[in-house]
Amino acid sequence: MPINETLSRFSDFAFKTSIVVYALVLILLIVQYASTRSKQVAERELAYAGGPADPALPGRVQTPQAKPLSERYGNMAFSVLIVGVVLHVASIVLRGFATHRFPLGNMYEFVTMAAGAAVAVGVLFLREQKYRLMWVFLLVPVLILMFLAGTVLYADAAPVVPALKSFWLPIHVTIVSIGSGVFLFSGVASLLFLYRLRQPDGAESTGVVGNIARRLPDARTLDRLAYKTAIIGFPLFSAGVILGAIWAEAAWGRFWGWDPKETCSFIAWVLYAAYLHARATSGWRDTKAAWINIGGFVAMLFNLFIINMVISGLHSYAGLN
């Protein structure tokens, strides 16, 4: 069937608009952080000047308090974020209808799906106010991936190559892309956990580093978020690897051939298995396990970009086209 150019243009427009919306959310969250900091500075200055910093103090007339400006910016950011997620999902669905196939036939579509999965996991786990600052650190890599997808990795809407015309495509690649998005979230949480450990509660730290650390959840909470999401991502990625092996047997007559992409996927799988084991082992928790989790995500990025774009193999058709 011919490509529906109108739906393709709508898909591209929704994708580009979602990037703009995510960038706006990032700006609103940064403004929220700045306004919160300014409020705390003003309260300290008022206290030093001898004025009452607490509205409940005797002699102070209490008036109905509006929501703090920082909270309003945070609520606005989360509302706008939902708009970005809807546009993001719409770009994926419209690409599928435009091409009359499942929208995972090239790296542009794969990265778009993985970034969408990372944001969806964020919406699921970071709804509470105390997690708002974490969105800044999640949206930065998501925006980078989406910018690369829309520029370097972009591919016009077109039918897939014959090797990908299989019912295994929507099963295998969807599971792997969603698992990759979940691992992105888990890797960010582990990075923030290591960062938070360097600025523990009660530490006398000043400047941007200390102020950002104090806005984040405590280290234990960040570690639990990384672990919970890795538990979700690992079986998804494992199922994707197994289903890929079954597809390989049907397409190439063998389950496993140590193709570069297969080898790198196996390395990433081993690292994530080691992380889950280390996280449950006394003496390997905290920083050692977190570094293994980050190493697994680095292996995933290497597999996505270097293996697909630089190293030639049986999976080369999944690269730029």
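The values are calculated or read from the model by the stated rules, or taken from the named source; none is laboratory data. In this text the structure is predicted, and so the values were computed from the model without any measurement. Glycine gets a Cβ as well: all are built from the backbone with ideal geometry, and neighbour counts include every protein chain shown.
Taking Arg127, is it of a type in the set (Lys, Arg) and not in a helix (DSSP H, G or I)? Break it down into steps so the answer makes sense when it comes.
On the way: of a type in the set (Lys, Arg): yes; not in a helix (DSSP H, G or I): yes.
It is true that Arg127 is of a type in the set (Lys, Arg) and not in a helix (DSSP H, G or I).
Among the residues of segment 124-151, what is the count of those that are without any contact (Cβ under 8 Å) to a residue 60 or more places away in the chain, surrounded by fewer than 18 Cβ atoms within 10 Å (Cβ to Cβ) and over 15 Å from Leu29 (Cα atoms)?
The qualifying residues number 4.
Among the residues of segment 72-122, write down those that are under 16 Å from Ile178 (Cα atoms), of a type outside the set (Gly, Ala, Ser) and not in a helix (DSSP H, G or I).
Phe102, Pro103, Leu104, Asn106
Considering only residues that are over 20 Å from Met1 (Cα atoms) and touching a Leu at 6+ places or on another chain (Cβ under 7 Å), which ones fall in segment 88-113?
Passing the criteria: Met107, Tyr108, Phe110, Val111, Met113.
Within segment 51-61, is even one residue at pLDDT below 95 and assigned to a helix (DSSP H, G or I)? Let's see the steps before the verdict.
Step one: filter segment 51-61 for residues at pLDDT below 95, giving 51-61.
Subset that is assigned to a helix (DSSP H, G or I): none.
Checking segment 51-61: not a single residue is at pLDDT below 95 and assigned to a helix (DSSP H, G or I).
Please count how many residues of segment 166-193 are more than 20 Å from Lys288 (Cα to Cα) and touching a residue at least 40 places away in the same chain (Cβ under 8 Å).
Just the residues of segment 166-193 that are more than 20 Å from Lys288 (Cα to Cα), to begin with: 166-182.
Going one step further and asking which of them are touching a residue at least 40 places away in the same chain (Cβ under 8 Å), we end up with 166, 168-182.
Looking only at that region, the number is 16.
So which residues in segment 160-171 are out of contact with any Gly (no Cβ under 8 Å at 6 or more places or on another chain), assigned to a loop (DSSP other than H, G, I, E, B) and surrounded by 14 or more Cβ atoms within 10 Å (Cβ to Cβ)?
Ser166
Are any residues in segment 119-139 over 18 Å from Val86 (Cα atoms) and touching a helix residue (DSSP H, G or I) at 6+ places or on another chain (Cβ under 7 Å), and if so, which ones? Break it down into steps so the answer makes sense when it comes.
Looking only at segment 119-139, we keep the residues that are over 18 Å from Val86 (Cα atoms), and these are 128-134, 136-137.
Residues satisfying the conditions are Gln129, Arg132, Leu133, Met134, Val136, Phe137.
Can you say whether Gly105 is at pLDDT below 90, out of contact with any strand residue (DSSP E or B) (no Cβ under 8 Å at 6 or more places or on another chain) and surrounded by 23 or more Cβ atoms within 10 Å (Cβ to Cβ), as far as the supplied structure shows? Can you show your working first?
Working: at pLDDT below 90: yes; out of contact with any strand residue (DSSP E or B) (no Cβ under 8 Å at 6 or more places or on another chain): yes; surrounded by 23 or more Cβ atoms within 10 Å (Cβ to Cβ): yes.
Criteria met by Gly105.
Residues to consider are Trp252, Trp284, Trp269, Trp291; find the one that is over 22 Å from Phe110 (Cα atoms) and modelled with pLDDT of 85 or more. Walk me through it before giving the result.
Values: Trp252 fails: modelled with pLDDT of 85 or more; Trp284 fails: modelled with pLDDT of 85 or more; Trp269 fails: over 22 Å from Phe110 (Cα atoms).
Matching residue, one of Trp252, Trp284, Trp269, Trp291: Trp291.
Which of (1) within 24 Å of Leu276 (Cβ to Cβ); (2) modelled with pLDDT of 90 or more is the odd one out, the single condition Asp218 does not satisfy?
Result: Asp218 passes all but (2).
Report whether or not Ala163 is over 25 Å from the mean Cα position of the chain (by Cα) and either at pLDDT 90 or above or within 30 Å of Asp12 (Cα to Cα) (or both). Quick ask: steps written out before the conclusion?
Numbers: over 25 Å from the mean Cα position of the chain (by Cα): yes; either at pLDDT 90 or above or within 30 Å of Asp12 (Cα to Cα) (or both): yes.
Yes; evaluated as a whole, the condition is true for this residue.
Taking Leu225, is it closer than 21 Å to Tyr195 by Cβ, hydrophobic (A, V, I, L, M, F, W, C) and at pLDDT 90 or above?
Values: closer than 21 Å to Tyr195 by Cβ: yes; hydrophobic (A, V, I, L, M, F, W, C): yes; at pLDDT 90 or above: yes.
Judged against the criteria, Leu225 is a match.
With Lys39, Lys16, Lys67 as the choices, which residue is in a helix (DSSP H, G or I), basic (Lys, Arg) and at pLDDT 50 or above? Even if it seems obvious, please write down each step before you answer.
Numbers: Lys39 fails: at pLDDT 50 or above; Lys67 fails: in a helix (DSSP H, G or I).
When all the criteria are applied, what remains is Lys16.
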